[in-house]
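In what follows, a single structure is set out as structure tokens and then discussed.
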Amino acid sequence: MPFTKRLIVALVLATATAAFAAPTGTAQQAVSAQCANRETPPPPVDTSEQPAPGQKAPTPLEVPEKPIGGDRLGECGLILPPNSAQPPSGITAASWLLADMDSGAVIAAYDPHGRQRPASIIKVLLAMVVAKELRGDLVVTASAEDTQQECTCVGLKDGGQYTVRQLLHGLLLTSGNDVAHTLARQLGGVPNALRKMNAMAKELGALDTRAVTPSGLDAPGTSTSAYDVALIFRGAMKYDEFAQAIKLQQAQFPGRNGGTIMLTNDNRLLANYQGALGGKTGFTDDSQHTYVGAAERNGRRLVVAMLRGQQQPTHITNQAAKLLDYGFNMGPGGVGKLVDGAPQPKPKVVPTQDSNAPDDAAATDPGTGRPTPTAFGTVGLPITAAAGIGLLAAVFLYIRNKRAKAARARRQAAQAAQGV
């Protein structure tokens, strides 16, 4: 094959390679191995999450493209600021998080977006919706269905009347599942209450969370994370009705047979941890032990969330106390942030043609400000352009060479004719 043709073939191949192999607008990054619970909690140990006959289990919640609260919070293991001391030993939670209640700075965490089950700490989300929508002095009548819930229960009476404030005490101090059902009915029924709870979680930015029962009993599709639990607790503490109830060590409650009974808060830290502001425990066979709570020292308020913990070597609340001590001894720096609301999608803007803009101006994505990917990419475009220029030069050389050959052939023919 003549040299010129070989050159053209080579340049055409180079142009095609540059066009189709050039990087796109977003740099390709190596994909790390997925976290074990990135999409769903661990498999259940009992039958509580089997769908009812004829029904399918809900699909897993979508995993956000970027971890809520910061890139580091997408890591699966221990996440600490540089040069930090190691957390205390004996922490059994599969997922935990420490954060500043006021600034939202996440101080330390372990698999904070790993999806687990909440158990009764989902009642914090229910209580938040109740505090937002219902007056504390509103009187509610309990039904027979309320009294037949799987316990733990406060002991509501069919036809008994209770204020919303009293029901919140029963919900948060002794984790009454009968109370959770009563409050859910008052919010428009259990399905409507769950819609409101999940809408509240989404509004906060708790995108790992799906409440499937108002009490936290396990059911198909249940999900949360340590990050979300801390975020929800932080949001609930902004409601005075909730903040006042969660810190009570005891509260009077109407008895089933008349008179009053005394509810005692099952959060041990209220009685034995300096500066405790309140908290909530939970347990199911599938979720294991869960806890969320807060404390204040020297004007600094911290929240700790723990999921899938064990009661050995120490009680889950004692483990929470160790993490709070650890947090109070750390500086203000952090590894991420509790967001102040769900990330809002940026509006799509249709660009108008600017007659003054140069023809070769790079198009940009209005949502990200980054160059819009094209068939040639943003990095590969100069390569493609150079290859294209080379191709044109080669074609020019080929045509000139061909014309020169034709001219030589004509001269040789003329000379031959003269010789004849």
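The table below gives the values:
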{"quantity": "Among residues of the range 219-247, those that are among the acidic types (Asp, Glu) and within 12 Å of the chain's Cα centre (by Cα), counted", "calculated": "1"}
{"quantity": "Single condition GLY188 does not satisfy, out of (1) in a helix (DSSP H, G or I); (2) out of contact with any Asp or Glu (no Cβ under 8 Å at 6 or more places or on another chain)", "calculated": "(1)"}
{"quantity": "Residues of the range 274-299 that turn out to be in contact with a strand residue (DSSP E or B) (Cβ under 6 Å, 6 or more places away or on another chain) and under 20 Å from ALA226 (Cβ atoms), as a count", "calculated": "15"}
{"quantity": "Test: residue in the range 169-186 that is farther than 17 Å from ALA119 by Cα, surrounded by fewer than 22 Cβ atoms within 10 Å (Cβ to Cβ), in the same structural domain as ALA230 (by TED's automatic domain parsing) and touching a residue at least 40 places away in the same chain (Cβ under 8 Å)", "calculated": "yes"}
{"quantity": "Residue list for the range 303-342, filter: touching a helix residue (DSSP H, G or I) at 6+ places or on another chain (Cβ under 9 Å) and of a type in the set (Lys, Arg)", "calculated": "LYS337"}
{"quantity": "Residues of the range 159-168 satisfying the condition of being crowded, with 24+ Cβ neighbours inside 10 Å and touching a Leu at 6+ places or on another chain (Cβ under 6 Å)", "calculated": "LEU167"}
{"quantity": "Residue list for the range 217-255, filter: under 21 Å from ALA271 (Cα atoms) and aliphatic (A, V, I, L, M)", "calculated": "MET237, ALA243, ALA245, ILE246, LEU248, ALA251"}
{"quantity": "Matching strands (runs of 3 or more DSSP E) fully within the range 42-142 where at least 1 residues are of a type in the set (Val, Ile, Thr) and under 26 Å from ARG297 (Cα atoms)", "calculated": "105-110"}
{"quantity": "Residue, nearest to PRO220 (Cα to Cα), within the range 282-316, restricted to residues that are hydroxyl-bearing (Ser, Thr, Tyr) and surrounded by 24 or more Cβ atoms within 10 Å (Cβ to Cβ)", "calculated": "SER287"}
{"quantity": "Counted residues, the range 261-288 - those being touching a helix residue (DSSP H, G or I) at 6+ places or on another chain (Cβ under 6 Å) and either among the charged types (D, E, K, R) or modelled with pLDDT under 95 (or both)", "calculated": "2"}
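The values are calculated or read from the model by the stated rules, or taken from the named source; none is laboratory data. Bear in mind the structure is a predicted one, so any value in this text is a computation, not a measurement. Cβ sites come from the backbone with ideal geometry, for glycine too, and all protein chains shown count toward neighbours.
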